[in-house]
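Chemist: Let me give you the structure first, and then I'll get to my questions.
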Amino acid sequence: MPLSLYDSLTRSQQEIRPLDGETLRFYCCGPTVYGPAHIGNLRTFLLQDVFRRTVEMSGLPVKHVRNLTDVDDKTIRESRARNEPLREFTRGWTERFHRDAEALNMLPPAAEPAATEHIDRQIELIRRLIERGHAYAADSGSVYFRVSSFEPYGKLSRLKEREITTGREREDGEPIDADEYERDSGADFALWKARKEEDGDVYWESPWGRGRPGWHLECSAMSMAYLGETFDVHGGGIDLAFPHHENEIAQSEAGTGQPFARHWFHCAHLMVDGRKMSKSLGNLYTLEEIQAKGHSPMALRYALTSAHYRQQLNFTLESLHAAESALKRLRRKADVLMAASGLDRGAFYDRDRLLRHGPPAAAPFNSVWNRLLDDLNTPAALGELFRALSELGDRPENIRGDPPEKERLALDFAVLLDALGLNPHAAGESDAREAPEEIRALADERWQAKKSRDFARADALREEISRAGWQILDRKDGYDLQSAG
Ligand code: AMP
Ligand code: ZN
């Protein structure tokens with residue numbers, strides 16, 4: 001069964017096949033680094049991470065590029081408000097974003113180009129668009145894309161079906177040049193923005209005078225620089241479909257005459273109390289705030305990715321409690337399968353080994369994998385996963401089969417955890433930590449006794465621990481404690 005994903009351009013589920021037959025070229029609109037990412041932004045990046053992991057586990061290498069928007073209206077405004085040079089200001093928020101991404105177990109992209117480091121590329125693209133008659137410089141020194149010159153404009157967001165007229169909409173002078181403008185406005189948009197007073201020292205020299213690129217341009221210039229004029233999959237939150245992605249298509253295809261992204265992968269919004277989570281509504285959470293409430297990044301990852309990517313998810317703090325108990329069940333099953341197969345944690349979570357092992361081809365885990373292949377259906381996959389795990393039983397002795405079969409089961413499970421990016425043993429995710437101090441002391445003593453081959457003492461201690469309601473699961477490199485309840 002091939003991996004297929006809904007494509008917002010054709011509005012249909014399409015098989016994911018790389019153009020070059022070898023590597024999937026995947027571009028994602030990255031964060032605007034002017035503040036901490038909120039968990040809505042993080043949900044979109046996490047679902048992109050699940051997609052990438054699933055493609056890689058299916059045996060297809062991915063070249064994942066995710067940009068950093070480090071110059072736009074918001075970054076300039078905020079850095080000036082704080083009296084910090086733009087570069088320093090955005091560097092701090094970029095580092096914070098990297099810490100959040102790592103804590104949430106996101107794989108780093110192959111390249112993370114920043115807009116300010118690719119100004120030449122952007123100027124080059126504007127020059128080409130002017131030459132081809134798709135852009136014009138206004139008296140102010142700003143350059144605009146002429147929407148009426150690009151016939152397919154609106155094909156992604158189906159503007160024509162929504163009866164929106166394109167072309168210049170303001171009669172009194174220049175078109176709109178804010179980075180973010182109202183939905184359904186089909187006006188010419190800025191490729192280059194002439195320097196304004198409030199830009200301070202943020203400007204670059206160009207053939208049209210001092211200024212800076214418009215926001216949409218960076219993604220066209222950088223995706224094509226890193227992935228080629230035509231690449232496989234372009235991702236982002238659904239709010240970006242119009243105008244951002246529509247404009248990316250127009251700039252790129254008008255500039256090169258070639259198709260731009262072959263597949264559009266949009267994630268639905270994270271909501272809070274029925275409203276989109278956003279800075280302007282003031283209803284946002286950051287990872288830091290979630291952690292301050294005592295929840296782990298892994299629980300947040302679980303909660304944000306356990307709903308389908310095309311479905312809006314209404315976030316609640318209760319969903320994190322549910323995620324914590326789900327992770328606990330996964331951790332127990334992983335401990336049982338490790339104990340049964342003799343794999344230690346290092347081997348169980350060794351991604352290279354898992355990539356070699358490949359996706360589950362047989363029961364009970366192949367049905368979980370098939371759910372992921374079918375439009376990345378994470379909720380159905382998790383449902384199937386828990387069903388498959390419940391069939392396996394709760395003790396290492398319950399796992400049937402010869403040693404290679406037990407190892408296969410353990411690795412099949414580990415592959416699925418990796419595809420979902422879930423590590424139920426990540427820092428802050430341990431039952432042993434939850435065991436009371438005296439139980440942990442007894443368990444340590446038993447481990448020492450076992451290592452010094454005092455098996456009678458070790459057994460007596462195991463008995464005592466078990467009477468207190470805890471079970472010990474030995475691994476090669478240590479042990480886990482599970483509460484019997
Ligand atoms: P930004 O940092 O604003 O450029 O956004 C980064 C990513 O987060 C983009 O792909 C947005 O579409 C996405 N995004 C913004 N708000 C939400 C939300 N409430 N839920 C999910 N994704 C979002
Ligand atoms: Zn973009």
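Any read-out appearing in this document is the output of simple, stated calculations on the displayed coordinates, not a laboratory observation. Because the structure is predicted, anything quoted here is derived from the model rather than measured. Cβ placement follows ideal geometry from the backbone for every residue including glycine, while neighbour counts extend to all protein chains displayed.
Chemist: Counting only C-alpha contacts under 8 Å and six or more residues apart, can you give the relative contact order of segment 337-485 as a whole percent? Before the final figure, lay out the partial values.
Modeler: Details: 148 pairs, mean separation 37.6, N = 149.
It comes to 25 percent, rounded to a whole number.
Chemist: Working from Cα positions, state the angle (0 to 90°, nearest 10) between the long axis of helix 378-392 and the longest principal axis of the chain.
Modeler: Between helix and principal axis, roughly 10 degrees.
Chemist: Next question. Please find the FRET efficiency linking Arg440 to Lys293, where r is the Cβ-Cβ separation and R0 is fixed at 25 Å, and quote it to the nearest 0.05.
Modeler: Details: r = 25 Å, r/R0 = 1.01.
Once rounded, the FRET efficiency stands at 0.50.
Chemist: In terms of modelled amide H atoms, which long-range or inter-chain residues lie less than 5 Å from the amide H of Cys28?
Modeler: Amide H neighbours of Cys28, under 5 Å, 5+ apart: Val65, Arg66, Asn67, Gly235.
Chemist: To continue, here is another question. Sort the following peptides by mean Cβ neighbour count (other Cβ atoms within 10 Å, averaged over residues), highest first: 291-300, 10-19. Please list the in-between numbers first.
Modeler: Working: 291-300: 17.8, 10-19: 13.7.
Result, highest mean Cβ count within 10 Å first: 291-300, 10-19.
Chemist: Roughly how far apart, in whole Å, are the Cα centres of segment 57-112 and segment 315-344?
Modeler: A separation of 30 Å, based on Cα centres.
Chemist: I would also like to ask the following. What FRET efficiency comes out for Glu117 versus Asp402 if R0 is 45 angstrom and r is the Cβ-Cβ distance? Round to the nearest 0.05. Walk me through the numbers before you get to the answer.
Modeler: On the way: r = 55 Å, r/R0 = 1.23.
Efficiency, rounded to the nearest 0.05: 0.25.
Chemist: Extending each Cα 7 Å along its Cβ direction at Asp394 and Ala110, get the distance between those two points in nm, one decimal.
Modeler: 4.6
Chemist: Also, I was wondering about something else. Mind checking the full-extension length gain between Asp459 and Glu205? Use 0.36 nm per residue of separation minus the Cα-Cα distance, one decimal, nm.
Modeler: On the way: separation 254, 0.36 × 254 = 91.44 nm, distance 7.66 nm.
Net length gain for the segment: 83.8 nm.
Chemist: Quickly rank 379-388, 410-419 as a protection proxy: mean count of other C-beta atoms within 10 Å, highest first. Intermediate results must be reported in sequence, preceding the final value.
Modeler: Working: 379-388: 18.5, 410-419: 24.0.
Highest-to-lowest ranking by the protection proxy: 410-419, 379-388.
Chemist: Sticking with this structure for a sec: Nearest 10 degrees, 0 to 90: what angle lies between the long axis of helix 437-451 and the longest principal axis of the chain (Cα atoms)?
Modeler: Taking Cα atoms only, the helix is inclined about 70 degrees.
Chemist: Towards the positive end of the charge dipole of segment 441-485, with charges on Cβ (+1 Lys, Arg; -1 Asp, Glu), say which of Phe455, Leu473, Ser483 has the farthest Cα.
Modeler: Farthest along the dipole direction, towards plus: Phe455.
Chemist: Could you work out the helix-only [θ] at 222 nm for the chain, with each DSSP H run of four or more residues adding -39,500 (n - 2.57) and the total divided by the number of residues, to the nearest 500 deg cm²/dmol? Before the final figure, lay out the partial values.
Modeler: Numbers: 17 runs with 206 residues, N = 485.
Rounded to the nearest 500, it is -13000 deg cm²/dmol.
Chemist: Given the C-alpha centroids of segment 261-309 and segment 391-445, what is the distance between them in whole angstrom?
Modeler: 28
Chemist: What does the highest-first list of 421-428, 395-402, 475-482 look like by mean Cβ count within 10 Å?
Modeler: Values: 421-428: 18.9, 395-402: 12.2, 475-482: 15.9.
Per-residue Cβ counts within 10 Å, averaged per peptide and sorted highest first, yield 421-428, 475-482, 395-402.
Chemist: Between segment 190-238 and segment 124-157, what's the alpha-carbon centroid distance in Å?
Modeler: The distance from the Cα centre of segment 190-238 to that of segment 124-157 comes to 13 Å.
Chemist: Now for a different question. Quick one: compute the contact order of the chain, relative version, from alpha carbon pairs under 8 angstrom and 6+ residues apart, as a percent. Intermediate results must be reported in sequence, preceding the final value.
Modeler: Values: 781 pairs, mean separation 79.8, N = 485.
Answer for the chain is 16 percent.
Chemist: Where in segment 226-259 is the amide nitrogen less than 20 Å from a point lying 7 Å along the Cα-to-Cβ axis of Arg275?
Modeler: Of the residues in segment 226-259, 238-240 have backbone N under 20 Å from the label point off Arg275.
Chemist: Based on other C-beta atoms within 10 Å, arrange Glu429, Glu464, Glu248 from fewest to most.
Modeler: On the way: Glu429 19, Glu464 14, Glu248 26.
Starting with the residue having the fewest Cβ neighbours, the order is Glu464, Glu429, Glu248.
Chemist: In nm, what is the difference between 0.36 nm times the number of residues separating Glu22 and Asp344 and their Cα-Cα distance? Present the calculation step by step, with values, prior to reporting the outcome.
Modeler: Values: separation 322, 0.36 × 322 = 115.92 nm, distance 3.30 nm.
So the extension gain works out to 112.6 nm.
Chemist: From the Cα gyration tensor of segment 4-267, with a ≥ b ≥ c the square roots of its eigenvalues, which class applies: rounded if a/c is under 1.5, or else prolate if a/b is larger than b/c, or else oblate?
Modeler: On the way: a/c = 1.75, a/b = 1.18, b/c = 1.48.
Judged from the Cα gyration tensor, segment 4-267 comes out oblate (a/c at least 1.5, b/c at or above a/b).
Chemist: How long are the three semi-axes of the equivalent ellipsoid for the chain, computed from the Cα gyration tensor as the root of 5 times each eigenvalue, in whole Å, largest first?
Modeler: Values: eigenvalues 496, 114, 67 Å².
Computed over the chain, the values are 50, 24, 18 Å.
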